[in-house]
Amino acid sequence: MELGWLSVKEVLDLLDRGEVGCGELTRDLLDRIGEVDPRVRAFTNVFPREALELSRERRQGPLGGIPIAVKDNICTLGQETTCASRILKGFRPPYNATVIERLERAGYVLLGKTNLDEFAMGSSTENSGLFTTHNPWDLCRVPGGSSGGSAAAVAAGECLAALGSDTGGSIRQPASFCGVVGLKPTYGRVSRFGLVAFASSLDQIGPLTRTVEDAALLLEVISGHDPRDSTSAPYPPLKAEELLSKEVKGMVLGLPREYYGEGLDLQVGEVITKAVRTLEELGCRVEEVSLPHTPYAVATYYLVATAEASSNLARYDGVRYGLRAFEYGDLYDMYVKTRSQGFGPEVKRRIMLGTYALSAGYYDAYYLKAQKVRTLIRRDFEKVFETCDAVVTPTSPTPAFKMGERVLDPLTMYLSDIYTISVNLAGVPAVSIPCGFTQEGLPVGLQVIGKAFDEATILSLGHAYQEVTDWHRKRPPL
């Protein structure tokens, strides 16, 4: 039995019936990693000995015995957490992130850590300081980013589910490129304690899975208030059955005209149109809406995110942990050489952009103005949600692009996230669902955006869609 292609729910049922053992399940996935990861390169680290030890007996909890991969910017006690950066090579956190603590209580098995764009800054995983991950559907194409390793691992059948982080689309865009489900919860729904910070007002941890039902199962485990995170919302953990049980018939879905115009790939547009038609057949009503400040989202994001990154990444100085330059003169020289050697070009670019935006004489002109536009973007969503239950858009304007195609053109690369960035600026939840393929056999994702703290609506819509389609069951030709 090829267990890596089953959903978490299906495997839990097999474990409950005793048809599969935990050790057999973990060995099967480790064998799969050994078979395909030399080509996919989804993992920065695999922990076979620890995973098999944990699988000797089935652990108690809602995810008892389920092997899961974790993005390598989420702290795991005593196990290397690099953020795919040379500057953190060898760093072993002295604590677990809150989401890891909750997964442990739920009985999960950690298979390994997955690759990402360095410090989660990128849209293709080509900015990793370690190596580039490949898209399982076409090894010459990118898996998306920054959670490209997590998305590729799920798509390639190397794990049953994975955790990623989403700052401007970093869960949803790779989910779209790799043909899996990717959920960005509402900002504050999942604790950020132990997530290595990129942009603190935008970052959010979420699951990448084969089905929407599995995403709900993981969200139940990792959600809930955490006093160690000052931005954590004061709400209890969610219940998976409640997240999937809303009646979709009669729901009003908004199609923002700004997302369906110039820049949208023709084939992607055709696939999305068919997916929307399926939602209409399920009883949803579709109407055109407007999110008028969408054209300003990319510029706003790259001021807010880079400003926060320049502050957050100031701590990597070679003094306390991580890389330190071998040869240097005084303390200042050590700082300069350590950061020059440790950070890659995209991270340096964003630090410089953010430092400039926060500098004296430019703060009001750039960062402050960006925060004001961010408020307008959030209000756009609030106005639409006065009449709509959810907003439906493409996840990405294109399917996965070829490796190297956009590396030398940062602006074109940044536009890969044009449909996802506004969600992070507004702090609302969104999910990407596989909804078809291009003529070249590349996956396309449908993005469903909901009101703040209304994950139930978007997950119920996604679950209903998957019950009448089978796009999520397709396998890449590895």
Quick one: what pairs do we get from region 269-297, first residue touching a residue at least 12 places away in the same chain (Cβ under 8 Å) and within 11 Å of LEU253 (Cα to Cα), second among the aliphatic types (A, V, I, L, M) and in a loop (DSSP other than H, G, I, E, B), C-beta under 9 Å, 6+ apart or different chains? LEU279/VAL248; LEU279/MET251; GLY283/VAL248; GLY283/MET251; CYS284/VAL248; CYS284/MET251; ARG285/MET251
Contact list please: Cβ distance under 6 Å, first residue in region 349-369 and closer than 24 Å to PHE119 by Cα, second residue in a loop (DSSP other than H, G, I, E, B) and modelled with pLDDT of 95 or more, pairs at least six apart or on different chains. ARG350/MET121
Look at VAL373 and say whether it is aliphatic (A, V, I, L, M) and out of contact with any Phe, Trp or Tyr (no Cβ under 9 Å at 6 or more places or on another chain). no
Here the residues within region 350-365 that are in contact with a helix residue (DSSP H, G or I) (Cβ under 7 Å, 6 or more places away or on another chain), surrounded by fewer than 20 Cβ atoms within 10 Å (Cβ to Cβ) and under 22 Å from GLY122 (Cα atoms) are LEU353, THR355, LEU358
State whether one or more residues within region 129-141 are buried (at least 24 other Cβ atoms within 10 Å of the Cβ) and out of contact with any Pro (no Cβ under 7 Å at 6 or more places or on another chain). no
Do we have any residue at all in region 428-440 that's hydrophobic (A, V, I, L, M, F, W, C), under 28 Å from VAL347 (Cβ atoms) and assigned to a strand (DSSP E or B)? yes
Find the residue count for region 73-124, including only residues that are crowded, with 23+ Cβ neighbours inside 10 Å, charged (D, E, K, R) and part of a helix (DSSP H, G or I). 2
For region 353-371, the count of residues that are of a type outside the set (Phe, Trp, Tyr) and in contact with a Ser or Thr (Cβ under 9 Å, 6 or more places away or on another chain) equals 8
Give ASP389, ASP380 a once-over and let me know the one that is under 22 Å from VAL304 (Cα atoms), of a type in the set (Asp, Glu), surrounded by fewer than 24 Cβ atoms within 10 Å (Cβ to Cβ) and touching a residue at least 60 places away in the same chain (Cβ under 8 Å). ASP380
Residue check, SER223 surrounded by 20 or more Cβ atoms within 10 Å (Cβ to Cβ) and without any contact (Cβ under 8 Å) to a residue 40 or more places away in the chain: yes
Suppose we filter LEU408, LEU425 for residues that are free of Cβ contacts under 8 Å to residues at least 12 places away in the same chain and more than 18 Å from VAL268 (Cα to Cα); which single one remains? LEU408
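Matching residues to (1) closer than 19 Å to THR469 by Cβ; (2) crowded, with 20+ Cβ neighbours inside 10 Å; (3) in contact with a helix residue (DSSP H, G or I) (Cβ under 7 Å, 6 or more places away or on another chain):
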{"residue": "GLU242", "(1), (2), (3)": "no, no, yes"}
{"residue": "GLU247", "(1), (2), (3)": "yes, no, no"}
{"residue": "ARG257", "(1), (2), (3)": "no, no, no"}
{"residue": "GLY261", "(1), (2), (3)": "no, no, no"}
{"residue": "LEU266", "(1), (2), (3)": "no, no, no"}
{"residue": "VAL271", "(1), (2), (3)": "yes, yes, no"}
{"residue": "ARG277", "(1), (2), (3)": "yes, no, no"}
{"residue": "GLU280", "(1), (2), (3)": "yes, no, no"}
{"residue": "CYS284", "(1), (2), (3)": "yes, yes, no"}
Which one is farthest from LYS184 (Cα to Cα) among residues in region 400-420 that are out of contact with any Cys (no Cβ under 8 Å at 6 or more places or on another chain) and surrounded by 24 or more Cβ atoms within 10 Å (Cβ to Cβ)? SER416
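The values are calculated or read from the model by the stated rules, or taken from the named source; none is laboratory data. All values derive from a computational prediction rather than experimental measurement. Please note: Cβ atoms are built from the backbone with ideal geometry, for glycine as well, and neighbour counts cover all protein chains shown.
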